[in-house]
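The values are calculated or read from the model by the stated rules, or taken from the named source; none is laboratory data. Nothing here was measured: the structure is a model prediction, and the numbers come from that model. Methodologically, a virtual Cβ is constructed for each residue, glycine included, from the backbone with ideal geometry; neighbour enumeration extends over all protein chains shown.
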Amino acid sequence: MARLLDGKAVAAEVRREVARGVDAFVTAHGRRPGLDVVLAGEDPASQVYVRNKEKAALEVGIAGRVHRLSADVSQAALLGLVAQLNADAAVDGILVQLPLPPGIDSLAVLDAILPAKDVDGFHAESVGLLWSGRSGLVPCTPRGCMRLLAEAGASLAGARAVVVGRSNIVGKPMAALLLGAHATVTIAHSRTRELPAVCREADVLVAAVGRARMIGRDWVKPGAIVLDVGMNRDESGRLCGDVDFADVEPIAGALTPVPGGVGPMTIAMLLENTLLAARARALAGARGA
Ligand code: NAP
């Protein structure tokens, strides 16, 4: 029977750590770390995510602000706001909530964020730093997965890891982090041949696909650690992952549930990234950089 990796409990611990770090930052620097979230349009899921991010930031003592823009905002106005936040010394982290409204060049907006404030880790420079093994801000969901692997006591050096999904926000950065931890990494995707057999090789299997219960027990090596990033609705509208939990639980070594696994880690890591960005900026300021 798989050990359950309780993301809710680990995320609560991360939030407590961040709250302590924020207190120390306020004592040292006389201000709170600032996280500014830009939300353009009325996408209902984005509205919920942004509200949760703001609430979580305020709970740990981070000054969270949300900039709400209408769906017909121009590219120039969005870039203008990002430039204003880049220049604002009270802002440590900038997060532009995706998806942006149609007609907006998302990559151009993400790349306009100062890398030192790129708490989502999606800027091209952050991506380059991650893949070249240098320190920078790392995307929140994969970082949350790494924390869960650490909590599971996973020994990654030399382990076979398979990441299913190659998105810029989850699959690719997840693979980079596992590689950095000396795993032998395979990135699988929709064109991968014999996907179940590829997955069965994995000591660590990360599912980041977006297909309800795609991964069953025949895809999983007995004893493997399985992280389920997927957030899907099944036929009856219930939230479920990419992994068929009931089917896989008897044979996996450790497994994240959905909900309550990877999901809660993402916001916790955003808070941690904001604190890390604030500390790095304060240090750079002290050095006169
Ligand atoms: P995405 O951008 O749609 O990428 C999905 C990836 O899955 C793509 O690389 C795609 O391959 C691959 N894929 C699709 N169908 C497949 C199949 N039948 N077999 C193998 N691979 C297949 O999605 P994403 O943004 O990475 O998100 C993935 C899932 O994670 C979603 O359910 C999302 O809601 C969830 N998510 C959760 C969190 C969290 O905090 N828990 C955060 C982000 C995302 P191709 O590249 O070949 O098309």
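Quick notes
- Those residues of segment 250-263 which are surrounded by 17 or more Cβ atoms within 10 Å (Cβ to Cβ) and more than 10 Å from the ligand (Cβ to nearest atom), in sequence order: I251, A252, G253, A254, L255, P257
- Summed over segment 191-213, residues that are farther than 27 Å from G153 by Cβ, assigned to a loop (DSSP other than H, G, I, E, B) and within 11 Å of the ligand (Cβ to nearest atom) total 6.
- Filter pass, M231 being near the ligand (Cβ under 10 Å from one of its atoms) and surrounded by 24 or more Cβ atoms within 10 Å (Cβ to Cβ): no
- Which listed residue is within 11 Å of the ligand (Cβ to nearest atom), of a type in the set (S, T, Y) and either in contact (Cβ under 8 Å) with a residue 12 or more places away in the chain or not in a loop (DSSP other than H, G, I, E, B) (or both), from T274, T186, T266: T266
- Among the criteria (1) under 30 Å from A152 (Cα atoms); (2) surrounded by fewer than 16 Cβ atoms within 10 Å (Cβ to Cβ); (3) touching a strand residue (DSSP E or B) at 6+ places or on another chain (Cβ under 7 Å); (4) in contact (Cβ under 8 Å) with a residue 24 or more places away in the chain, the one L58 does not fulfil is (4).
- Residues located in segment 70-106, provided they are in a strand (DSSP E or B) and either polar (S, T, N, Q) or out of contact with any Pro (no Cβ under 9 Å at 6 or more places or on another chain) (or both): I94, L95, V96
- Residues located in segment 226-251, provided they are over 18 Å from P264 (Cβ atoms) and assigned to a strand (DSSP E or B): R233
- The residues on offer are A161, A176, and the sole one that is away from the ligand (no atom under 12 Å from the Cβ), touching a Phe, Trp or Tyr at 6+ places or on another chain (Cβ under 9 Å), of a type in the set (G, A, S) and not assigned by TED's automatic domain parsing to the domain that holds S74 is A176.
So that you can scan it fast, the table gives a plain yes or no per residue for (1) buried (at least 22 other Cβ atoms within 10 Å of the Cβ); (2) more than 14 Å from the ligand (Cβ to nearest atom); (3) under 24 Å from D36 (Cα atoms); (4) of a type in the set (D, E, K, R):
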residue	(1), (2), (3), (4)
A108	no, yes, yes, no
D118	yes, yes, yes, yes
A124	no, yes, yes, no
L129	no, yes, yes, no
S132	no, yes, no, no
S135	no, yes, yes, no
R147	no, no, no, yes
G153	no, yes, no, no
